[in-house]
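Here's the structure, in structure tokens; my notes come after.
The values are calculated or read from the model by the stated rules, or taken from the named source; none is laboratory data. All figures in this text were calculated on a predicted structure; none of them were measured in a lab. Positions of Cβ are backbone-derived with ideal geometry, glycine not excepted, and every protein chain shown enters the neighbour counts.
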Amino acid sequence: MILNIWKKIKNSPNIILLNVFCLLTIGLFCLYSISIIQEESSSQAFYKQLLFLGPAILLMIFSTVLSKRFIHKNIYLLYGISLILISLPFYGSKIAGTYRWIDYGFPFLFQPSEIAKWVIVITLARFLSDNNLQVKNFISNLAPFAIALIPTFIVLNQPDLGTAFIMMLPVIPMLYWVGANPFHLFLIVAPFLSILTAFNVIVFTAWIIFIGIIVFFYRTKLWNKVVIFFLNVFLGLIFPLIWNLLRPYQKNRILSSINPELDPLGAGYQVIQSKTALGSGGFFGKGLGQGTQTQLKFLPVQESDFIVSVIGEELGFLVIIFMLFLFASLLIKMVSLAFHASDRFSSLIIIGITTIFLGHIFVNCSMTAGLIPVKGLPLPFISYGGSFLLSSFMMIGFILNFGRTEP
Amino acid sequence: MLKSPNSISKLQYWISILIILVFHLLLVYRFFQVQILDHDLYSKQADNNRIRATSIPSPRGLILDRNGEIIVDNYPTYILYGIDAEILNKNKNYEIINKTTGIDISILEKNYKNNYRNKFLPARLAKDLTISQLSRLEEEHHNLSGIIYKQFPERIFNQKIRASHVLGYLKEIDNEMLFSNATNNYQLGDLTGWTGIEKQYESTLKGKKGVSYHQVDAFGRETEKIEFENSILPIPGKNVYTSLDINLQSLIEKEFEGKTGVVIVSKPKTGEILSFLSSPDYKPDLFTGLVSNDDWKMIINDPNKPLLNRATNGIYPPGSIFKMVVLIELLERNIVSTEWSVLCTGEYEYFDSVHRCWDENGHGKINMKDALVQSCDIYFYEAVQKIKLDNLYLRAQEFGYGQESNIDLPNEMKGRMPNRDFMNKLYGKWGWSKGALLNIAIGQGEILSTPVQMANYTNLIATNGDTYPLNLVRTKINKLNRPQVELKNWQIIQDAMREVVIGEKGTGKLSDPKLPGLSIYGKTGTAENPHGEPHAWYITYGEKNNEMISIVVLIENGGSGGTYATPIARKIYNYYFNSNKSKLAKN
């Protein structure tokens, strides 16, 4: 038994752990730097993270050695359980204005949507591999969407826009991975882009022309082409009406991305301070513990959402590049594991998890650098956050498990 | 299970890697842009974030009495601020502050709402916390969040006296003043003198704020001081040395307790004010915030108007103390001689109306001196027939009637001295007759004056017209305009006023403490008014060994001046020329 487990661990593609622990180290350095001058609750971020590291590694090993068969067999059950879990906070009381966490009496709050992320991926993987989908058929693409959409909808109501986005994200790459027609995927993504581009008349016009060209050259019935085209135009036009139904904080976040100077103390304030921290760091940074923006608390939520600003300010562009290299090489290694995986189920799980990580990395970094609206998404292995650390390490465990080539 | 084979094409593999690379390269480019290309811009911005210029309050100058005793001092108080972004539980904070300092939760809430600017800037919750309040609050520090405090110097007052009307109070500068005073380096929230000496000598007392540079965090909290070459130290305000005598003031406040009116004691030769009381007054620390809301409401709603400075802003008919002006007019124009006399029967018929003397039995045949000594009204009714109103008006003006007294206190009233134009405007050209002069001759009717005007008037008589306006702080000031009166006529008036005090039938007898060498002069007044009992006036001056003081006493609705106002003057003379003379004479 023990021997068997050891064998499993030994045969895992443990090379990716090098990246993971390098990233973890960068994160801990930054959390320590933040904790130097901070009093009380916030100073515990570093120690809490260390405290969570033990259970996180144990959970990683656990998900590394767990039988693939067992996972495959029980994932639908787990999917049901996680639907219940993410609904539970609604029966508790609001914490920080949302229903994201469950307070079950321990000193730490538990965020069930973190578990739901990878549960959705594995559920999708089973669904897509079991049914040997005729994914060339457009309609058959919609069922996987439903699987992701149910928990997404619940999480969206917590409300947690960032996590909802991450939950939906793996569906498209996974469909692509099982051979869905790229045009079909385009059709699915197109409406969202139509809505996003509706911000700006010129961008929207360009996008509509682009849709027109693609639809024109793709071989399908004329009737289909007309419907697809005008549906997108319609969506883009109706969007301003839907916009008014959004919650104010969501509107604020989106708006402040377009022009952060509009509201220097709302969401835009965070972006300005974050860019100031990053920019003033320069190439080599100001040195650990020397960042004035960080140490003087100009940076908001620096230990989680804006930790990249701390890295940028104190350790500089050099370490940012190194960090991005670590992330990129980790993800590329994962794609390669997915490519070489022995079966479709494993391959899909790896590509789904890869997508989740990529989503986190891109959204967090580009938010910090002021590219996209402020979304509360942490950076894997680096940001402080118990539930997220646990789920990140579990997902690494699954990569190790499903990326293992059985001898 | 796991039956479907992995069937990924090389194309899918490379496209996936390409996507990952594109996203990461996009990030690399963006970080390059922010961190390398815009490095200078953001470095500057970071410095702006970091260093903040803070003004250092300058301690306000003290107010002292003529012997150097401090009347108004500074002491440290604390201002409590809340920072929205750091406050975890507002109500809990409020409860703790309420429990430890006793400040109403509703007041905290109101202040916080009024002073809130944004979630990162401290909003003032309460001010004027004492050290003991603060230390009780500090004990609960672990239960508070986002509550900070700053030291702030506040006024504290000598407990011996109130003198609130003369000292005045400080108030937060309002928008109107802020913009009209742009050169004086005030900021919103600064205190400024609002009344009294505090206002009059604001520029002396205020000093100049300093500037220091601090490293601040995002919540505006100063973390460490940065030594900058161009930091400016505050210049403390200069002290104001007043001519007030704190002991005399204290005596008068005790004597006058419960009465409504004014007492002004000054030195006729220099105009220096030794004591200045407008009663009722208020505790001078009313405006420092140490007084509860209830006390404040009580004072605002008090029908006796304790906030009104009756000495500068109360206007009263002068009554008989005006009579000296009439006599001087008679003498200066040689209208009558001192021997000219009138038969007083107690009644005086003027056309179809009857005017009475205050003494119903009449004074009999009475000359000028006796008319003043016994304050016979009939004499003045008769005499004023020979006087033109406009001449009397000019004469009264020379003695300060209807004129600003130029006391160094803000917002004084001018009172009123009628002339023909005024009467024409008020009653129409044919609406008044010479009969109106009868009232004016005895200081009633249209004449209104303030007690400080009457103090100047007294000082003019005491010094043959050679004196300064009333003043609290000895600065370079111009003398009062000297009335055109011949020396012999001054002496006639002064003799008569001396007789008021020492004469058998003098109305001011009660004001003489009968100290050896002390000569006292005076004139009583009983000013009829529509608000009940007449106001009791007494103006007087006394001299001993070339040392002279003058006293003006006004008791609102106090009845007869001779009966009620004169004993107060006696106590002042007794105190000044007897017990403390050596100490006071020094100045």
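Quick notes on this structure:
- Checked against the criterion of being assigned to a helix (DSSP H, G or I), in contact with a Gly (Cβ under 7 Å, 6 or more places away or on another chain) and surrounded by fewer than 24 Cβ atoms within 10 Å (Cβ to Cβ), region B:381-404 contains not a single residue that satisfies it.
- Scanning region B:380-417 for residues that are of a type in the set (A, V, I, L, M, F, W, C), touching a helix residue (DSSP H, G or I) at 6+ places or on another chain (Cβ under 7 Å) and farther than 24 Å from B:Tyr201 by Cα returns B:Phe380, B:Ala383, B:Val384, B:Ile387, B:Leu389, B:Leu392, B:Ala396, B:Phe399, B:Met417.
- Some residue of region A:288-307 being within 9 Å of chain B (Cβ to nearest Cβ), closer than 25 Å to A:Ala56 by Cα, out of contact with any Phe, Trp or Tyr (no Cβ under 7 Å at 6 or more places or on another chain) and not charged (D, E, K, R): no
- Applying the criterion of at least 3 residues that are in contact with a Phe, Trp or Tyr (Cβ under 9 Å, 6 or more places away or on another chain) and either closer than 30 Å to B:Leu472 by Cα or of a type in the set (Asp, Glu) (or both) to the helices (runs of 4 or more DSSP H) found wholly in region B:84-177 leaves B:164-167.
- The residues listed here are A:Gly316, A:Gly285; of these, the one that is at pLDDT below 90 and either at the interface with chain B (Cβ under 8 Å from one of its Cβ atoms) or surrounded by fewer than 24 Cβ atoms within 10 Å (Cβ to Cβ) (or both) is A:Gly285.
- Within region A:325-365, tally of residues that are in contact with a strand residue (DSSP E or B) (Cβ under 9 Å, 6 or more places away or on another chain) and at pLDDT 95 or above: 0
- Unique match (being touching an Asp or Glu at 6+ places or on another chain (Cβ under 8 Å) and acidic (Asp, Glu)) among B:Glu154, B:Glu138: B:Glu154
- Complete set of residues in region B:1-31 that are more than 7 Å from every other protein chain (Cβ to nearest Cβ) and assigned to a helix (DSSP H, G or I): B:Lys10, B:Leu11, B:Trp14, B:Ile15, B:Leu18, B:Ile19, B:Val22, B:Leu25, B:Leu26, B:Tyr29
- Among the residues of region B:135-148, the ones that are within 20 Å of B:Glu109 (Cβ to Cβ) and either surrounded by fewer than 20 Cβ atoms within 10 Å (Cβ to Cβ) or outside the structural domain of B:Asn91 (by TED's automatic domain parsing) (or both) come to 5 in all.
- Residue in region B:63-81 that is more than 9 Å from every other protein chain (Cβ to nearest Cβ), at pLDDT below 85, touching a helix residue (DSSP H, G or I) at 6+ places or on another chain (Cβ under 8 Å) and assigned to a loop (DSSP other than H, G, I, E, B) present: no
- Test: residue in region B:548-568 that is of a type outside the set (Val, Ile, Thr), touching a helix residue (DSSP H, G or I) at 6+ places or on another chain (Cβ under 7 Å) and closer than 15 Å to B:Gly517 by Cβ: yes
- Number of positions in region A:138-179 that are modelled with pLDDT under 80, over 18 Å from A:Phe357 (Cα atoms) and assigned to a loop (DSSP other than H, G, I, E, B): 4
- Elements of type helices (runs of 4 or more DSSP H) in region A:299-397, at least 2 residues being touching a Pro at 6+ places or on another chain (Cβ under 7 Å): A:344-368
- Matching residues, region A:162-188, being under 19 Å from A:Gly236 (Cα atoms) and either of a type in the set (Gly, Ala, Ser) or within 13 Å of chain B (Cβ to nearest Cβ) (or both): A:Leu185
- Considering region A:336-371, and only residues there that are buried (at least 24 other Cβ atoms within 10 Å of the Cβ) and of a type in the set (S, T, N, Q), the residue that is nearest to the other protein chains (Cβ to nearest Cβ) turns out to be A:Ser347.
- Residue among B:Asp217, B:Asp174, B:Asp190 that is within 30 Å of B:Ile87 (Cα to Cα), of a type in the set (D, E, K, R), at pLDDT below 70 and out of contact with any helix residue (DSSP H, G or I) (no Cβ under 6 Å at 6 or more places or on another chain): B:Asp217
- Residue that is surrounded by the most Cβ atoms within 10 Å (Cβ to Cβ) [pool: residues in region B:244-299 that are among the aromatic types (Phe, Trp, Tyr) and in a helix (DSSP H, G or I)]: B:Phe287
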